[in-house]
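See below for the structure under consideration.
The values are calculated or read from the model by the stated rules, or taken from the named source; none is laboratory data. The shown structure was predicted, so the numbers you read here are calculated from the model rather than taken from an experiment. Note that we place each Cβ from the backbone using ideal geometry, even for glycine, and neighbour counts take in every protein chain shown. With ligands, DNA and RNA removed, areas are computed over all heavy atoms of the protein, side chains included. Shrake-Rupley method; radii C 1.70, N 1.55, O 1.52, S 1.80 Å.
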Amino acid sequence: MSKNENHEFKNIKYILTSTMRTKLIISIYEKEKNLEELRNELKKPSATILHGLKELENLNFVKKINKNYSLTSNGYLLAVNMLKLIENWYSINKNEIFWNRHDLKCIPKDLLKKLYQLKNSYCINSTNDDLSKALTTYIELLGESENLKIILPIFSEIHIENLLNLVEKGNIDNLSLITREEHPKFKEILNLNNVKVTTLNLPINIFLTCSDEFISLTLFFKDGHYDDSQLLIDRSEEGILWGESLFNHYKKKKKKIAMKKQMIEE
């Protein structure tokens with residue numbers, strides 16, 4: 001790190017290693033407060049709170065106007081990023097096994113930084129008593145969807161047959177599919193106006209499904225084998241937005257490859 005970055009790192013470390021300083025920033029982030037309000041909320045004596053506030057004032061994170069304490073612009077930016085860090089950490093720990101056991105290189109870094117958007121996600125795990133629990137849950141989810149965007153890295157007969165069946169029955173209004181190569185059975189639906197299949201001649205180690213109601217995610221083990229035993233699901237607006245961003249990331253890759261190929265040919 002540069003000297004300036006190292007200085008800022010020390011400032012952040014100084015804040016986060018103190019429960020009082022951290023709580024004060026988060027509390028004042030919600031709205032400006034006076035000493036009595038802070039004392040009632042944090043359940044700490046005035047001397048302890050005033051000491052913490054003075055430290056934050058010296059760092060130009062907190063300012064006092066009349067009897068109220070509020071965040072400076074720097075303090076506000078710090079609070080926003082602190083909350084994202086806390087939410088990211090919560091989201092990772094909540095589904096620790098899922099994130100820890102899989103290859104994450106398929107997810108761009110800017111979206112890994114936004115895992116806080118998946119704080120409402122949960123895992124469905126297959127068990128020895130029910131080896132197909134994750135798969136069964138996924139198929140049930142598809143049944144409640146009308147618009148689907150899918151990144152399909154594997155050609156499982158179960159997945160393809162189920163998807164084709166839903167399309168042919170008219171249960172899906174729109175399907176946008178990204179795969180590594182065209183499967184022969186996809187030709188049956190390519191002429192439909194509501195179906196678009198995009199092939200991407202790159203390794204895709206991610207099975208993502210986005211709909212208006214949910215996103216689901218399955219990944220590959222670090223040794224390159226696909227894991228169908230764990231399914232991550234998120235039904236929140238934030239989670240769906242995260243999934244849409246991941247889908248669009250791969251969709252843009254196709255355009256970039258096409259543009260690069262055209263430039264080489266020219």
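Per-residue HN-Hα couplings for the stretch 109-126, Karplus 6.51 cos²θ - 1.76 cosθ + 1.60 at θ = phi - 60°, whole Hz, x for Gly and Pro?
My calculation for the stretch 109-126 gives 4, 5, 8, 5, 6, 10, 5, 4, 5, 9, 5, 9, 6, 8, 9, 9, 10, 5 Hz in order.
For the stretch 136-222, which chymotrypsin sites (Phe, Trp or Tyr not before Pro) pass both filters: DSSP loop (anything but H, G, I, E, B) and at most 14 other C-beta atoms within 10 Å?
Taking the stretch 136-222 and a limit of 14 other Cβ atoms within 10 Å, the loop chymotrypsin sites (Phe, Trp or Tyr not before Pro) found are Phe155.
For the stretch 154-233, what % of the accessible area comes from carbon and sulfur atoms, probe 1.4 Å?
46
Determine the share of the stretch 54-104's accessible area contributed by carbon and sulfur atoms, expressed in whole percent, with a 1.4 angstrom probe.
Answer for the stretch 54-104: carbon and sulfur cover 53 percent of the accessible area.
Among Lys54, Lys196, Lys222, whose mean-square fluctuation peaks in a Gaussian network model of the chain (Cα, cutoff 10 Å)?
Looking only at Lys54, Lys196, Lys222, the largest GNM fluctuation is found for Lys54.
Could you work out the helix-only [θ] at 222 nm for the chain, with each DSSP H run of four or more residues adding -39,500 (n - 2.57) and the total divided by the number of residues, to the nearest 500 deg cm²/dmol?
On the way: 10 runs with 130 residues, N = 266.
When only DSSP H runs of four or more count, the value is -15500 deg cm²/dmol.
Would you grab the residues whose amide H sits under 5 Å from the one on Tyr69? Only those 5+ places off in sequence or on another chain, please, with H modelled 1.01 Å from N.
Excluding prolines and chain starts, which carry no amide H, the hits are Lys33, Asn34.
With a Cα-only, solvent-free Debye model of the chain, what are the log10 I(q)/I(0) values at q = 0.09, 0.11, 0.13 Å⁻¹?
-0.58, -0.76, -0.90
Could you pull the accessible area for Val62 with a 1.4 Å probe, rounded to 10 Å²?
The value for Val62 is about 10 Å².
Using the charge dipole of the stretch 43-119 (Lys, Arg: +1 at Cβ; Asp, Glu: -1 at Cβ; taken about the Cα centre), state which of Leu111, Leu85, Ser70 has its Cα farthest towards the positive end.
Checked the options; the winner is Ser70.
Report the Stokes-Einstein translational diffusion coefficient (µm² s⁻¹, integer) for the stretch 1-155, Rh taken as the Kirkwood radius over Cα pairs, at 20 °C with viscosity 1.002 mPa s.
111
Could you check how many percent of all C-alpha pairs in the stretch 116-266 are farther apart than 21 Å? Don't skip to the answer; put the middle values down first.
Values: 5263 of 11325 pairs.
The share of Cα pairs beyond 21 Å in the stretch 116-266 comes to 46 percent.
Using every alpha carbon pair in the stretch 63-201, what percent of pairs falls into each 5 Å bin from 0 up to the bin containing the largest distance?
Distribution as computed: 2, 7, 12, 14, 14, 13, 12, 8, 5, 4, 3, 3, 2, 1, 0 percent.
In degrees from 0 to 90, rounded to the nearest 10, what is the angle of the helix 73-94 Cα long axis to the longest principal axis of the chain?
50
Could you do me a favour and compute the accessible area per residue for the chain, 1.4 Å probe, result in Å²?
59
With just the Cα atoms defining each centre, how far is the stretch 172-227 from the stretch 123-145? Give it in Å.
Here the two parts' Cα centres lie 18 Å apart.
Using only the heavy atoms of the protein chains and a 1.4 Å probe, how would Leu192, Leu111, Leu104 rank by accessible area, largest first?
Leu192, Leu104, Leu111
Just the Kirkwood number for the stretch 73-130, please: inverse of mean 1/r across all distinct Cα pairs, in Å, one decimal. Show your work: numbers first, answer last.
Working: mean 1/r = 0.0767 Å⁻¹.
Here the Kirkwood hydrodynamic radius works out to 13.0 Å.
To the nearest 10 Å², what's Lys185's accessible area with a 1.4 Å probe?
For Lys185, the solvent-accessible surface is approximately 50 Å².
With all protein chains present and a 1.4 Å probe, how do Ile92, Ile240, Ile215 order by accessible area, largest first?
Largest accessible area first, the list is Ile92, Ile240, Ile215.
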